[in-house]
Every structure is written in structure tokens, then in C-alpha cells.
Amino acid sequence: MAKLLFLETATPICSVAIAEDGVLLSIKESNSTNSHSSLLTNFIQNVISDAKIKLQELDGIVISKGPGSYTGLRIGVSAAKGLCYSLDKPLIAVNTLQSMAMGMKKNENDEKAIFCPMIDARRMEVYTALFDHQNNELEPTSAKIIDESSFIDLLKDHTIYFGGDGAEKCKGVLSMNPNAKFADGFRISSKDMIELAFQKFNAHQFEDVAYFEPYYLKDFIAGIPKVKGLK
């Protein structure tokens with residue numbers, strides 16, 4: 001009976017879960033901005049306690065590998081690596097957008113629909129990819145600037161469901177197409193990694209803990225601090 005711990009920190013939502021053989025045992029989530037560093041350790045302790053197990057009983061640690069927030073991903077991966085080293089457990093990495101697509105399709109019965117998870121990347125840019133109803137990747141992960149012509153060819157013949165914090169800001173320009181649908185109630189969650197992670201666990205598809213890095217997609221660019229007296 002395999003038990004896995006799931007850490008989702010790729011966006012402002014901090015989500016931690018435990019599942020056993022694909023069944024969710026406990027989950028803790030918060031969408032408070034910039035809260036990962038203060039909440040993650042507590043959430044891990046909470047789900048361990050709720051599931052009535054010990055950390056040593058875990059069989060692996062699962063991390064949402066990105067793309068997403070540079071800081072959020074760094075915090076999550078650091079915590080996951082620390083647990084893997086201290087407990088001598090394998091690390092499993094799940095593509096953030098793919099797990100989002102898994103969560104989005106649960107509420108949609110249209111087997112011909114396409115799912116387009118979106119993560120906010122500032123202004124009108126998003127991190128996104130396209131998946132079919134079987135969670136097969138139709139278009140790889142990329143950073144896109146969204147306007148009225150985005151996805152126009154696919155939207156001619158397919159219904160596309162858009163979801164995530166990136167989709168919320170793009171709704172105004174995409175909703176003019178009748179085939180563009182929005183998963184308004186969808187939020188990124190560690191529970192949507194469960195199926196993908198157990199597939200990898202059973203296939204022994206583990207990461208090299210020492211060398212694993214998050215999938216940032218874009219290099220981190222720090223803002224230039226303002227100097228008093230200058231504009």
C-alpha cells in the first residue's frame with residue numbers, strides 16, 4: 001500500500017496532500033499570496049497527522065515541477081528534496097499544467113474537448129499547453145501572449161476549456177469565440193497530481209534528487225530597485 005506526499009507550490013495557492021494507492025487521505029490548501037514559506041511545513045505536518053501516519057511511512061514525495069512562480073517552485077522543490085534526503089525516499093515530479101488539465105477534465109464529459117490550463121505570467125502572458133480528454137499533450141508547454149487571435153484555428157472546430165489564474169485574465173479576449181469555455185470554479189490543487197504521480201511511482205520513474213531542478217520555463221528576472229530621488 002503505497003503512500004505519497006504531494007506538494008503544489010507553482011502558483012499563489014499552497015496545496016499539500018497525502019494519498020494511498022491513488023485515494024486521497026488528507027489535503028490542506030490556502031490561496032493567501034506569498035504564503036508558501038510560512039504554510040508549507042505546517043501543512044505537511046497537518047496532513048501527516050490527519051492521515052494518522054508517520055513521515056517514515058511515506059513511500060515517495062511528489063512535487064509539482066512547473067512551470068509557474070519562480071519563488072513558489074523553489075520553495076516547494078527545496079522542501080521536497082529535504083524530505084527525500086532525510087527520509088531516503090524517491091522524488092516524483094509532475095508537470096504542473098498536465099495535472100491542471102487532469103483536474104479540469106473531471107467536470108467535463110465532452111470527450112472531444114481540448115483542455116488549456118493557464119498559469120499567470122504577468123500582463124497578458126501565460127504559461128500554457130493543450131491536452132485532450134485522455135490527458136495526451138497536443139501542444140507542448142510554452143509562454144504565450146494572449147490576444148483575440150490566440151487558438152483561433154483550433155476554436156473553429158473544437159471546444160476548448162480554459163482554466164487557472166491565467167485564464168481568468170484572458171477571459172475578456174477569448175470569450176468572444178463561442179467554442180471557448182471557461183472552468184470558472186477550477187483551482188490548481190495537489191489532489192490533481194495523484195493519478196499521474198502513481199503512474200510514475202508504479203513505473204519507477206523517479207528524479208535524481210541531487211540534480212533535479214524545477215521547470216521555470218523562463219529565467220528569473222529580478223526587478224531593479226528604485227533609488228530615492230530618481231524616477
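The values are calculated or read from the model by the stated rules, or taken from the named source; none is laboratory data. Every value quoted in this text rests on a predicted model; they were computed, and no experiment measured them. No Cβ is skipped: glycine too gets one built from the backbone with ideal geometry, and neighbour counts run over all protein chains shown.
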Practice task
Would you check which residues across the stretch 152-167 are loosely packed, with under 15 Cβ neighbours inside 10 Å and within 16 Å of M124 (Cβ to Cβ) and list them?
Solution key: I152
Fill in the blank from the handout: H204 vs (1) outside any helix (DSSP H, G or I); (2) surrounded by fewer than 15 Cβ atoms within 10 Å (Cβ to Cβ); (3) in contact with an Asp or Glu (Cβ under 9 Å, 6 or more places away or on another chain): all pass except (3)
Handout entry: Output for the stretch 148-176, where each listed residue is assigned to a loop (DSSP other than H, G, I, E, B), under 21 Å from N107 (Cα atoms) and more than 15 Å from the chain's Cα centre (by Cα)
Key = H158, T159, S175
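From the list L83, L91, L97, L87, exactly one residue is touching a Ser or Thr at 6+ places or on another chain (Cβ under 8 Å), modelled with pLDDT of 95 or more and either hydroxyl-bearing (S, T, Y) or closer than 20 Å to K200 by Cα (or both). Which is it?
Sole residue among the options that is touching a Ser or Thr at 6+ places or on another chain (Cβ under 8 Å), modelled with pLDDT of 95 or more and either hydroxyl-bearing (S, T, Y) or closer than 20 Å to K200 by Cα (or both): L97.
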Handout entry: L40 vs. criteria in contact with a strand residue (DSSP E or B) (Cβ under 8 Å, 6 or more places away or on another chain), at pLDDT 95 or above and buried (at least 20 other Cβ atoms within 10 Å of the Cβ)
Key = yes
Problem - Residue list for the stretch 208-231, restricted to those being touching a helix residue (DSSP H, G or I) at 6+ places or on another chain (Cβ under 9 Å) and either under 19 Å from M102 (Cβ atoms) or at pLDDT 95 or above (or both) - result: V209, A210, F212, E213, P214, Y215
Exercise for the section: Exactly one condition in (1) assigned to a loop (DSSP other than H, G, I, E, B); (2) within 23 Å of E213 (Cα to Cα); (3) β-branched (V, I, T) is not met by I119; state its number. Expected result: (1)
Practice task
Tell me which residues, restricted to the stretch 111-138, are more than 18 Å from Y216 (Cα to Cα) and free of Cβ contacts under 8 Å to residues at least 12 places away in the same chain.
Solution key: Q134, N136
Fill in the blank from the handout: Counting only residues that are β-branched (V, I, T) and surrounded by fewer than 17 Cβ atoms within 10 Å (Cβ to Cβ), the stretch 20-37 contains a total of 2
Fill in the blank from the handout: Counting only residues in the stretch 54-112 that are under 16 Å from the mean Cα position of the chain (by Cα) and of a type in the set (K, R), the one surrounded by the fewest Cβ atoms within 10 Å (Cβ to Cβ) is identified as K106
Problem - Qualifying positions in the stretch 123-141 - exposed (fewer than 13 other Cβ atoms within 10 Å of the Cβ) and of a type outside the set (K, R) - result: Q134, N136, P140
